[in-house]
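Everything below concerns the one structure shown next.
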Amino acid sequence: MNATENRLPISLEFFPPKTPEGVDKLAAVRAQLFALQPEYCSVTYGAGGSTQDGTLQTVQAILSEGVDAAPHFSCIGATRESVRAQLAQFRQLGIRRVVALRGDLPSGYGSFGEFRHASDLVAFIRAETGDHFHIEVAAYPEMHPQARSPDADVQAFAAKVRAGANAAITQYFFNGDAYFRFVDEARKLGVDVPIVPGIMPITNSSQLMRFSDACGAEIPRWIRLRLMAYGDDKASIQAFGLDVVSQLCERLRAGGAPGLHFYTMNQAHATLQICQRLGLA
Ligand code: FAD
């Protein structure tokens, strides 16, 4: 296999930094990661109390560095008017792609607003702006935690694509079978857009366990037990994490995954190491 055949599109996810030091640090992280020639970067919104301003500032910084960038855009609590205004701002800033989400109510309470599901947001963006935006949506190979059943969740995913999404990024997972099964089920429902696996590098056990419990991503028992056994031994956690996640990516590539979307956690090292293992760096 030559270098070109080996090429698998990658994208990178960042969260907006909260301090000026964080902004500088993320700029340095991006400079390292851009050696991977990402297709685009996405920037989260709302998670951890971040604001849309922080998201947009980070998106603008990435665009000014010559890399395509997409804000995550969640509709929970929004009105048609507020979404319309936000879309106008995106257009004004030269943004051409968005990751369209429902989002979560802070601490589970509050009002849903005028959009019930992400599919409503996707349909609204298409109705308001035609083909201006490339729209990514979320997919859950291990089922979204609030879904009635795995079947209902794949149906809900297919509805987002029918509403006009161009592609999907999955929640992270460590079980390749869950991804392949999800893709098969989606294809049977007529979904033909790329479903790009979201990849979470393993660098920090307690953080990973906290995130996974919150978002419903399973850490298989054999991985959890080993991570717990390593305790505070960061070097062993990182070496093990690199093996596990690189092997997962290899399997996904061999099974036809259309790309890899890295949850970088605003760190360069782990993503770079995985890509080096895969021959992508
Ligand atoms: P939806 O697609 O609307 O699904 C939510 C639930 O409703 C699911 O259980 C689904 O099965 C169900 N559902 C959907 N449509 C229907 C229907 N028509 N009928 C019945 N049930 C339906 N959160 C943030 O706060 N900020 C971020 O930046 C962020 N980025 C993310 C990026 C990715 C790639 C992923 C995978 C998740 C991200 N999240 C983010 C988390 C996301 O906001 C939550 O998982 C949220 O709970 C669901 O959002 P969604 O867009 O998947 O919602």
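Could the peptides 95-103, 27-35 be put in order, highest first, of the mean number of other beta-carbon atoms found within 10 Å of their residues? Don't skip to the end; give the middle numbers.
On the way: 95-103: 22.6, 27-35: 15.8.
Highest to lowest by the protection proxy: 95-103, 27-35.
Helix 205-215 and the longest principal axis of the Cα set of the chain meet at an angle near 30°.
Of the trypsin sites (Lys or Arg not before Pro) found in the stretch 129-231, those in coil by DSSP whose Cβ has at most 16 other Cβ atoms within 10 Å are R148.
Amide hydrogen proximity for I10: with H placed 1.01 Å from N in the peptide plane, the residues at 5 or more positions away or on another chain lying under 5 Å are E39, L260.
Less than 5 angstrom separates the built amide H of E218 from those of F174, all sequence-distant by 5 or more or on a different chain. Partner aspartates and glutamates whose Cα lies under 16 Å from the Cα of K25, excluding those fewer than 8 positions away in the same chain, are identified as E13, E65.
Could you work out what % of the accessible surface of the stretch 3-277 is carbon and sulfur, using a 1.4 angstrom probe and leaving DNA, RNA and ligands out of the count? Before the final figure, lay out each step's value.
Working: 6610 of 13100 Å².
Answer for the stretch 3-277: carbon and sulfur cover 50 percent of the accessible area.
Straight-distance candidates among the aspartates and glutamates for linking to K234, with alpha-carbon spacing under 17 Å and chain neighbours fewer than 8 residues away dropped: D243. When the chain is treated as a GNM with alpha-carbon contacts under 10 Å, the residue of S212, S111, S119 showing the greatest mean-square fluctuation is S111. Estimated at 0.36 nm per residue, the fully extended path between S206 and Q276 surpasses their Cα-Cα distance by 22.7 nm. Distance from the C-alpha centroid of the stretch 172-233 to that of the stretch 87-155: 21 Å, rounded to the whole angstrom.
The chymotrypsin sites (Phe, Trp or Tyr not before Pro) of the stretch 92-143 meeting both criteria, a DSSP state outside H, G, I, E and B (loop) and at most 11 other C-beta atoms within 10 angstrom of the site's C-beta, are Y109. Once you order the gyration tensor axes a ≥ b ≥ c over the Cα atoms, which shape class does the chain get: rounded for a/c under 1.5, otherwise prolate or oblate by comparing a/b with b/c? Because its axes are fairly even, with a/c under 1.5, the chain counts as rounded. Distant-in-sequence amide contacts of F115, defined by a placed amide H-H separation under 5 Å and a gap of 5 or more residues or a different chain, comprise G77, A78.
In percent, how large is the relative contact order of the chain, given Cα pairs closer than 8 Å and 6 or more residues apart?
On the way: 448 pairs, mean separation 57.1, N = 281.
This gives 20 percent for the chain.
Rolling a 1.4 Å probe across the protein heavy atoms gives the stretch 3-277 an accessible surface of 48 Å² per residue. Go ahead and set up a Gaussian network model of the chain, Cα springs under 10 Å, then flag whichever of A85, A186, A165 fluctuates most. Answer for the Gaussian network model of the chain: A85.
Straight-line reach from K160: taking Cα to Cα under 27 Å and skipping same-chain neighbours fewer than 8 places apart, the lysines in range are K188.
Each residue of the stretch 182-191 was assigned a 3J(HN,Hα) from its phi angle through the Karplus curve 6.51 cos²θ - 1.76 cosθ + 1.60 (θ = phi - 60°); the sequence is 4, 4, 4, 5, 5, 4, 5, 8, x, 6 Hz, with glycine and proline shown as x.
The values are calculated or read from the model by the stated rules, or taken from the named source; none is laboratory data. Values in this document were obtained by computation on a predicted structure and should not be read as measured data. Positions of Cβ are backbone-derived with ideal geometry, glycine not excepted, and every protein chain shown enters the neighbour counts. Heavy atoms of the whole protein, side chains included, go into the accessibility calculation; ligands, DNA and RNA do not. Shrake-Rupley method; radii C 1.70, N 1.55, O 1.52, S 1.80 Å.
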